[in-house]
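The values are calculated or read from the model by the stated rules, or taken from the named source; none is laboratory data. Nothing here was measured: the structure is a model prediction, and the numbers come from that model. Heads up, the Cβs are rebuilt from the backbone with ideal geometry, glycines too, and the neighbour counts pull from every protein chain shown. Each accessible area value is taken on the protein alone, full model and side chains, heavy atoms only, with ligands, DNA and RNA left out. Shrake-Rupley method; radii C 1.70, N 1.55, O 1.52, S 1.80 Å.
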Amino acid sequence: MSIQRAGGPPEAIDVAALAALPSGLGPLNAEQHAAVVTIDGPMLILAGAGSGKTRVLTRRIAYLLQREVDPESILAMTFTNKAAGEMKERVAELVGGRADKVWVNTFHSACVRILRKDAEVLGYTRRFSIYDDDDQMRIIRQAIRDLGYDPKEVKPRTILSSIDRFKNRSLRREDVLAEQRARPGEPLMRVWEQYDEVLSIADALDFNDLIGAVVRLFTEHPEVLDRWRSRFQYVLVDEYQDTNHSQYQLLRLLTGEHHNLAVVGDDDQSIYGFRGADIRNIRDFESDHPDATIIRMEQNYRCSKAILALSNAVVAKAEQRIDKTLWTAREGGDKVRFLAFDDAREEARAIAALIRRMADNEDRPWRDFAVIYRTNAMSQPFELAFSEAGIPAKVVGGRRFYARREVRDALAWMRLLVSPADDAAFLRIVNVPPRGIGPATVKDLRDKATDRGDALLKTARALATGQGRSAAKLAAFIQLVDDLMEISVQVSTPELVREALVRSGYLTMLDDDGGQEAE
């Protein structure tokens, strides 16, 4: 059992010298305890799989609160809304209502909260829109068409991936050009330029802009940085091995004076390099913070000795990893079996036969079995094999609720009512349900909006005063938008959503469809 100072040898933890935790925060093992009560200065908590990192993070926050630290001065960041929600719930169970004032957010949602207060100094309004992947792809595809490229040669997904990759490294288009990573006339740069123009007109940021925008805000406006630095005196980060360069810069800026940065992670669990995660962030933590405390949490509470022996042997082959060896006090557990097959169908049938045999011979219920696969495409052979073997199976996952077309359409209405300059929201709903505003009208609208440098809704208002069928259709849509904007200040959000779906004819469209998806 040991802790370590950056650049120095491990030191034995004096368990007896550790002050007792306040009631309700224990029990913890020695390393967990040290990670909770060592609150000042930079700290790297190397938390192996199953070592209780969430327990440590939540109790560290609770310990700060019980030490009378202002809850509004604590910022904890992780990577998913689910993880942030669970962390906040656990802290609330330990300390009660004070947990509500602690910022427990994903990196992106924390940056949104910052920008909602200070985006105006960057030229955005506080009501800026946030474009997701679907919105981005729509703009990229349109830009490729407008510039006369063949989408089969200049692929939208490739362009968007390149833009995202640069943004994850805090590089804007002008930075890429200045560093001569690309030339102005290249398709990527031309599409990116048009993409930026569309976002600017719409008062919008895309998902990957959010962190970079805060980094730019803090870098270009020191007075804003000073204010946020003064507020957040304790910063905690989960899954630090998955941070990218923009997130690294954000943390360096926020903690540049007090250095109270505690990060939890494990370089052995870094799997998001393809999404921009930079493993050097965690591996270089000691050199970045020479006064850091390093705590290794190596006791695993989840797995058997057989599983840990195998995983330790495999991961030991990795190059440049931070040295750690997981161990467990748990006895028993079956040996790990490794099976190799020639193809996916043979694999699926063999596993189905194995499950069938175990269920029949050991009288085990079907719910005891799970098959985990790497990509969604791999489910098909298993579904077929289980059907042939008479094994009832359920595929867990599928489309996320907020990715459903109907939900995205409803959200587009809310986005347009909140931010009339949101072109992506406008395009999504202007002819859904069909109201006679076809592709030709939309193209004419887009061309005129580009010439005027205005948002689509504002341009539509001007065109709606003209003559002809398309003008009348646009006028009817504008009237619908205006009616909903008028009542938006009078009703609750759920009521507004219902009014938008009813008045637009969306619910009638679903009723007329009559299918299971529509229901």
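Things worth noting here:
- Residues considered: Val191, Val214. Of these, the only one that is in contact with a helix residue (DSSP H, G or I) (Cβ under 9 Å, 6 or more places away or on another chain) and within 18 Å of His245 (Cα to Cα) is Val214.
Quick grid of which residues meet (1) within 23 Å of Thr325 (Cα to Cα); (2) open to solvent by 30 Å² or more (accessible area, probe 1.4 Å); (3) in contact with a strand residue (DSSP E or B) (Cβ under 7 Å, 6 or more places away or on another chain); (4) not hydroxyl-bearing (Ser, Thr, Tyr):
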residue	(1), (2), (3), (4)
Ile61	no, no, yes, yes
Arg67	no, yes, no, yes
Ile74	no, no, yes, yes
Thr80	no, yes, yes, no
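- Given (1) at pLDDT 90 or above; (2) part of a helix (DSSP H, G or I), number of the condition Met378 does not satisfy: (1)
- When residues of segment 133-158 are limited to those that are of a type in the set (S, T, N, Q) and touching a residue at least 12 places away in the same chain (Cβ under 8 Å), the one surrounded by the most Cβ atoms within 10 Å (Cβ to Cβ): Gln136
- Restricting attention to segment 467-479, the residues being surrounded by fewer than 16 Cβ atoms within 10 Å (Cβ to Cβ) and in contact with a Lys or Arg (Cβ under 8 Å, 6 or more places away or on another chain) number 1.
- Any hit, segment 231-246, residues being open to solvent by 70 Å² or more (accessible area, probe 1.4 Å) and not charged (D, E, K, R): no
- Residue under evaluation Val502, criteria (1) over 25 Å from Gln142 (Cβ atoms); (2) of a type in the set (A, V, I, L, M); (3) touching a residue at least 24 places away in the same chain (Cβ under 8 Å), criterion not met: (3)
- For segment 486-502, the criterion of a residue being buried (at least 17 other Cβ atoms within 10 Å of the Cβ) and in contact with a Lys or Arg (Cβ under 9 Å, 6 or more places away or on another chain) is satisfied by no position.
- Candidate set from segment 272-300 (those that are open to solvent by 60 Å² or more (accessible area, probe 1.4 Å) and touching a residue at least 24 places away in the same chain (Cβ under 8 Å)); member that is nearest to Lys335 (Cα to Cα): Tyr272
- Among the residues of segment 436-445, not a single one is of a type in the set (Asp, Glu), touching a Lys or Arg at 6+ places or on another chain (Cβ under 8 Å) and either open to solvent by less than 20 Å² (accessible area, probe 1.4 Å) or in a helix (DSSP H, G or I) (or both).
Yes/no per residue for (1) under 26 Å from Ile282 (Cβ atoms); (2) in a loop (DSSP other than H, G, I, E, B):
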| site | (1), (2) |
| --- | --- |
| Thr158 | no, no |
| Ala182 | no, yes |
| Leu199 | no, no |
| Leu251 | yes, no |
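- Members of segment 114-129 found to be outside any loop (DSSP other than H, G, I, E, B) and surrounded by fewer than 18 Cβ atoms within 10 Å (Cβ to Cβ), listed by number: Arg116, Lys117, Glu120, Val121, Leu122
- Flag if Asp343 is open to solvent by less than 50 Å² (accessible area, probe 1.4 Å), free of Cβ contacts under 8 Å to residues at least 40 places away in the same chain and not aliphatic (A, V, I, L, M): no
- Scoring Ile45 on the criteria (1) more than 20 Å from Arg231 (Cβ to Cβ); (2) β-branched (Val, Ile, Thr); (3) buried (at least 17 other Cβ atoms within 10 Å of the Cβ); (4) modelled with pLDDT under 95 leaves a single failure, condition (4).
- Taking the criterion of being open to solvent by 80 Å² or more (accessible area, probe 1.4 Å) and at pLDDT 90 or above, the only residue of segment 179-192 that qualifies is Arg190.
- Within segment 301-328, residues that are open to solvent by less than 70 Å² (accessible area, probe 1.4 Å) reach partners that are acidic (Asp, Glu) with beta carbons closer than 6 Å, at six or more positions or on different chains, in the pairs Val315/Asp268; Arg321/Asp267; Ile322/Asp267; Lys324/Glu298; Leu326/Glu298.
- Among the residues of segment 405-421, the ones that are open to solvent by 60 Å² or more (accessible area, probe 1.4 Å) and either polar (S, T, N, Q) or more than 22 Å from Asp483 (Cβ to Cβ) (or both) come to 1 in all.
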